[in-house]
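Report on the following structure.
Taken together, the values in this text are just the output of simple stated rules run on the coordinates, not laboratory data. The structure displayed is predicted, hence computed values, not measured ones. Heads up, the Cβs are rebuilt from the backbone with ideal geometry, glycines too, and the neighbour counts pull from every protein chain shown.
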């Protein structure tokens, strides 16, 4: 059953939760580096400021692409939390990502274009793993519906340890954390200026930030799905995963795109497919 | 709203500076001074920036670059000239290749003198710039031009400083 209440809750609460998570992220990162760091509400101040700035656009179509990115990312999360079809959720997520890439290509800037190309490489890198996660969940629960996967009486992660590890590996890409923050970065890496977001300013950039909050909440929701049978364990797992991502972010330098791509596919191939093969064997037998 | 003051993102450009002031600007980002406490982020992108921080003086090589960066920044924006070279040309003022301070080219809102400018006075200068940033935004929203006061000057290094 699709629950509109959960979808509405996601649309309203996800920016608040996502923004707070981003603030906690910056605070913990600062402490890890021996700094005091900004207020936990800093991401909200940043976005508030971006909406106060001048609406300077390089290209009129940019705004359309960014709004599409925003809307499809919300659609992704809303469908997920409403208990919809997991495959549709994943395809909507990819569509949102494609709009971001189109937005970056819309401006005639080399940095923006390099960022867009790297973003496409990232999509290529993580997409097989995300699809295989859905396949794995289907093999265990016999359903692609999030509501039925969440209602499965046993912990899904027990059957899918390899897929869970592979998903964690790609999560670093999706959360735009080091070592895989190759297409853009929130921090002071300036190798390709700001990658995909280089040509966005003011309110458009604000929309990208808010979209990222929505995505963060959706992704942590996906992590929760592995533990949905025991929600206390699920919340603990989500917190541990989030802290682990921060730790990885702060202890790793950015890698080249070749390594990001190869390592993700190797992990997908080993962890996910072996897991699936074993699972399929037991299902058949 | 005062979001603008709480989240100033800077872009730093080294116009023919000797690197002395640049090192001091980077020192502001270290755990010792940690300007991210105030939401200040050193972004490398003029389109994301609110505060243009320039060190060094204008010469023929960087004239176009400074103008270009300034023009790419979305309004409201402020310019902070760090170090005596950026303020007036400093000891290089009389050189045949130097045009003078940054204000020869673009309007400067805050001058931070010093050779090299201390991190304390740089932070003071940025904080002074935030007030001007807010005034500029009010002018932009209401359409009433801002009164043009004399540009602010950041405090000198505190006695017995680090």
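Values for this structure:
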{"quantity": "Taking chain A and dividing mean pair separation by its residue count, relative contact order in percent (alpha carbons under 8 Å, at least six apart)", "calculated": "26"}
{"quantity": "Cα-Cα pairs of the stretch A:1-154 separated by more than 21 Å (percent)", "calculated": "62"}
{"quantity": "Number of partner chain Cβ atoms within 10 Å, mean per residue of B:44-56", "calculated": "4"}
{"quantity": "Sorted largest first, extent of the stretch B:46-114 alpha carbons per principal axis (Å)", "calculated": "34, 24, 14"}
{"quantity": "Evaluated at q = 0.12, 0.13, 0.16 Å⁻¹: base-10 log I(q)/I(0), Debye formula over Cα of the stretch B:3-153", "calculated": "-0.45, -0.53, -0.81"}
{"quantity": "Efficiency of FRET between residue A:191 and residue A:154 - r from beta-carbon atoms, R0 41 angstrom, step 0.05", "calculated": "0.35"}
{"quantity": "Volume per residue that the Cα convex hull of the protein assembly as shown spans, once the total is divided by residue count, Å³", "calculated": "144"}
{"quantity": "Span from the the stretch A:92-161 Cα centroid across to the the stretch B:43-120 one, whole angstrom", "calculated": "45"}
{"quantity": "Share of alpha-carbon pairs per 10 Å distance bin for the stretch A:189-260, given as whole %", "calculated": "16, 31, 36, 15, 2"}
{"quantity": "Mean ellipticity per residue at 222 nm, deg cm²/dmol - from DSSP H runs of n ≥ 4 across the protein assembly as shown, formula -39500 (n - 2.57)", "calculated": "-19000 deg cm²/dmol"}
{"quantity": "Helix A:161-174 vs. chain A, principal-axis angle (Cα, 0 to 90°, nearest 10)", "calculated": "10"}
{"quantity": "Rounded to 10°, Cα long-axis angle of helix A:4-32 versus longest principal axis of chain A", "calculated": "70"}
{"quantity": "Acute angle (nearest 10 degrees) that the helix A:42-52 long axis makes with the longest principal axis of chain A, alpha-carbon atoms", "calculated": "50"}
{"quantity": "Shielding score for A:53-59, defined as the mean number of other chain Cβ atoms within 10 Å", "calculated": "4"}
{"quantity": "Spin-label pair residue B:146/residue A:258, simplified geometry with 7 Å Cα→Cβ offset, distance in nm", "calculated": "4.9"}
{"quantity": "Highest average packing first - A:132-140, A:15-23, A:60-68, Cβ atoms within 10 Å", "calculated": "A:132-140, A:15-23, A:60-68"}
{"quantity": "Kirkwood Rh in Å, taken over all unlike Cα pairs in the stretch A:144-285", "calculated": "16.9"}
